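Report on one structure; see the data block that follows.
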Amino acid sequence: MHVGIIMDGNGRWATQRGLTRAQGHRRGAQAVRDVVRAATREAVDILTLYAFSSDNWSRPADEVRHLMRLLKRHLISETAECADNGVQVSVIGRRDRLDRGLLQTIANTEAATERGSSLQLRLAIDYSGREAIERAASIHAAHPDKAFSSCLAEAIHSPGEITPVDLLIRTGGERRLSDFLLWESAYAELLFTDTYWPDFDEPALLAALAEFQRRERRFGGVPGLTLPEAGTG
Ligand code: FPP
């Protein structure tokens, strides 16, 4: 199954404790590690995490720099463990606005983990769902024979096929999609939790997966019947 997560609430988690937002993001990065480990033990095949949205560029320059440094450090420090545990890491989104050091790190991590087959971990960095669809549409206009989902994969540098999101989780109490995986989430089950991202841990992921199991998915049809999967053209 494909799980997408909007990791919100690092700043509020930190403010509540009298810490800096940067400290909140650092704790958020630790939560990422725990949740990825937990996901490899569960029935999750693809985990897409919203690490930095295209709209996040509008945050104060210091915070943007800190987030970019954190992403780079995290990719460097986790690559070996991901490779050892069959986690294939890739970064989806735009590449043209990321700095060269980060791009190099992304390339190294993607190459070192490309054979992983237990979990596909996709980090969305400089990602916008609407922009992804727009770029996919231009690619499709130039190559009308190509399936739209392949154009979308190409637009966001996603390895392999685009797969529909089954469960979309947002932490931090807001109830919106914030431009994340718009096309892929057409029939996603949405789960909103008030838990701030740094507090989202293995039991929280298990609870979310259990809640997903209780949902009845009909894909616009009638109970017991499903449509073919989205994303096939
Ligand atoms: C939202 O918290 C979170 C982000 C903008 C980015 C998510 C980044 C991380 C979890 C850290 C690094 C990630 C990885 C993959 C290592 P917020 O700042 O919007 O919180 P607030 O809404 O309480 O202000």
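Among the residues in segment 195-210, are any under 22 Å from D45 (Cα atoms), in contact with a strand residue (DSSP E or B) (Cβ under 6 Å, 6 or more places away or on another chain), of a type in the set (D, E, K, R) and open to solvent by 20 Å² or more (accessible area, probe 1.4 Å)?
no
Could you run through segment 89-105 and say how many residues are in contact with a Lys or Arg (Cβ under 9 Å, 6 or more places away or on another chain) and within 14 Å of the ligand (Cβ to nearest atom)?
6
Take L47 and tell me if it is surrounded by 15 or more Cβ atoms within 10 Å (Cβ to Cβ) and near the ligand (Cβ under 9 Å from one of its atoms).
For L47, the condition - surrounded by 15 or more Cβ atoms within 10 Å (Cβ to Cβ) and near the ligand (Cβ under 9 Å from one of its atoms) - is not met.
Given (1) of a type outside the set (S, T, N, Q); (2) modelled with pLDDT of 95 or more; (3) open to solvent by 20 Å² or more (accessible area, probe 1.4 Å), where does L225 come up short, assuming only one miss?
So L225 meets the others, but not (2).
Pairs, please: C-beta under 9 Å, at least 6 apart or cross-chain, first residue farther than 17 Å from D45 by Cα and in segment 74-87, second small (G, A, S) and surrounded by fewer than 19 Cβ atoms within 10 Å (Cβ to Cβ)?
Going by the 9 Å Cβ cut-off, the qualifying pairs are T79/A112; A80/A112.
How about segment 99-137: which of its residues are within 28 Å of R59 (Cβ to Cβ) and either charged (D, E, K, R) or free of Cβ contacts under 8 Å to residues at least 12 places away in the same chain (or both)?
D99, R100, L103, Q104, A107, E110, R122, D126, R130, E131, E134, R135
For segment 14-34, how many residues meet the condition of being farther than 24 Å from F212 by Cα, open to solvent by 10 Å² or more (accessible area, probe 1.4 Å) and part of a helix (DSSP H, G or I)?
Going through segment 14-34 one residue at a time, the tally reaches 10.
Here's the yes/no breakdown for (1) touching a Gly at 6+ places or on another chain (Cβ under 6 Å); (2) away from the ligand (no atom under 14 Å from the Cβ):
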residue: R41; (1), (2): no, yes
residue: A51; (1), (2): no, no
residue: S54; (1), (2): no, no
residue: M68; (1), (2): no, no
residue: A80; (1), (2): no, yes
residue: V87; (1), (2): yes, no
residue: A107; (1), (2): no, yes
residue: E131; (1), (2): no, yes
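Can you find even one residue in segment 2-9 that is surrounded by fewer than 15 Cβ atoms within 10 Å (Cβ to Cβ) and either at positive phi or not in a helix (DSSP H, G or I) (or both)?
no
Residues of segment 50-68 being within 21 Å of Q104 (Cα to Cα), in a helix (DSSP H, G or I) and either in contact with a Phe, Trp or Tyr (Cβ under 8 Å, 6 or more places away or on another chain) or open to solvent by less than 70 Å² (accessible area, probe 1.4 Å) (or both), which ones?
Scanning segment 50-68 gives S54, V64, H66, L67, M68.
The values are calculated or read from the model by the stated rules, or taken from the named source; none is laboratory data. In this text the structure is predicted, and so the values were computed from the model without any measurement. Backbone-built Cβ (ideal geometry, glycine too); neighbour counts: all protein chains shown. What goes into the accessible areas is simple: the full protein's heavy atoms, side chains included, and nothing from ligands, DNA or RNA. Shrake-Rupley method; radii C 1.70, N 1.55, O 1.52, S 1.80 Å.
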